[in-house]
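Comments concern the structure below.
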Amino acid sequence: MASNSRLPQQFQLLIRSPDVKSLNRALTLTLDEANRTFHDLKLSLLSPSQLPFAFFSINGKTLDDSATIISAGIAPFSILTLHFKLLGGGGDGGATGAESRDCYLNMYAVKKPDKVDPNEKRISKWTTCALSFEPLKPPCVIDRLGNVFNKEALVKALLGKNLPKAFGHIKGLKDMITVHLSVIPGLDLDDSAHVGSETRFQCPISGLEFNGKYKFFALRSCGHVLSAKALKEVKSSACLVCHKEFVEAYKIVINGTDEEVAVLREKMEAEKANKVIKEKKPRKGKSGEVELKDGDCLNLDSSTRLSGKKHGIDVNGVERNSGKLEVINDKVANDAAAKGGAPAAQAKRFKAVDIAPSNANKKVYASIFTSSSKSDFKETFTCRSLPLGRN
């Protein structure tokens, strides 16, 4: 301990507080003041409520509050550091050690979902196959909804019948449209160094990158992929690359928004419905009309209602035969009316034997028709005279 005779009558101390910057100051103490304890020194700087939480240290060593500045061997111009104790453990809301460790384990047991960078998600959608998630590499195709695929991956999925439900509208090659993506000049698609790059394709007209920042369209007529900006600035009804004509309905937006995909889906369903109507087979109407391929209709009564395809109906022949029947029916009706019989509307029903050839036996001729021998008709598996409508 230094002797009081050797100490100067006045010396300075530097007070530094890393927690409260306003307490940083320089103190000039007399010899009598240097004999005060560190508790007294704290009392001159802090309020009484702060005293229990504050302590002095020098060179990392904590100083006892009951020691004096001189007895602690503090030299002039020394730096005293004033620290504050951390609160907690005393029922003030901090940790008391009474909680179970489960609360800490459960905090880390449930893994929080990783935040996905929207830019990375966008770039991945535009630079990889929508099915295999491999980098896009020609030949590439799109579906009617604007999704981009590697053709090889899509064909393998179709052959293996393991296509996801989201792409269930793709039934075969007819639902694919081959597209031509323009590679950025000087970029080698086989170079593995460019596999993870942002984009490898661009618009051949405007030079805009195929990375999702700009809207792109695929033309169904030729398969070229152009940016919306190029199609807007260059007004033309032909492809700007191959000059092949196209209509507005042939433009398919690539990786469109939900609203744009909904519009494309409606167009796709409408095209399928129109195709089914065009390919629909001719069918017989309820009134006995048979729809022909030329759009004509043939009306048959209940006694001659046959399928045109199965029996090979000759329209001209039916018209000639129906004309003969009408003449005979009229003749029979007129004869009955002349004899004072029933009116023409209730004339005798026509029978085939009435027009039998002169050299033919009427009974044999009538046996050709089932209506003349219903009473003794016996059906066999080789019978050729089945009633009309049962063959």
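No value in this document is a laboratory result; all are computed from the given coordinates. Values in this document were obtained by computation on a predicted structure and should not be read as measured data. All Cβ positions, even for glycine, are placed from backbone atoms using ideal geometry, and neighbour counts span all protein chains on display.
Odds and ends about this structure:
- Förster-model FRET efficiency, 22 Å R0, residue 12 and residue 39, C-beta, rounded to 0.05: 0.60
- A Förster radius of 51 Å combined with the Cβ-Cβ distance from residue 189 to residue 279 puts the calculated FRET efficiency at roughly 0.80.
- For residue 180, the residues 5 or more places off, or on other chains, whose built amide H falls under 5 Å of its own are 224, 225.
- Stretch gain in nm, segment residue 221-residue 271, where the contour uses 0.36 nm per residue and the Cα spacing is subtracted: 16.4 nm
- Distance between the 7 Å Cα→Cβ label points at residue 133 and residue 358: 9.4 nm.
- Virtual spin-label span in nm between residue 32 and residue 261, 7 Å along Cα→Cβ: 8.8
- At full extension, residue 178 and residue 155 could sit 7.0 nm farther apart than now, given 0.36 nm per residue minus the alpha carbon distance.
- For the pair residue 75 and residue 162, the difference between a 0.36 nm per residue extended length and the Cα-Cα distance amounts to 22.9 nm.
- Too-long pairs where the Cα-Cα distance tops 28 Å, listed order kept, from 235/278; 213/272; 125/232; 161/272; 171/267: 235/278; 213/272
- The alpha-carbon atoms of the stretch 10-84 define a convex hull whose volume equals 82 cubic angstrom per residue.
- Computed label-point distance, nm, for sites residue 247 and residue 19 using a 7 Å Cα→Cβ extension: 8.1
- Residue 117-residue 351 FRET efficiency (beta carbon distance; Förster radius 56 Å; 0.05 resolution): 0.05
- Equivalent ellipsoid, the stretch 120-276 (semi-axes from 5 times Cα gyration tensor eigenvalues, Å): 23, 22, 14
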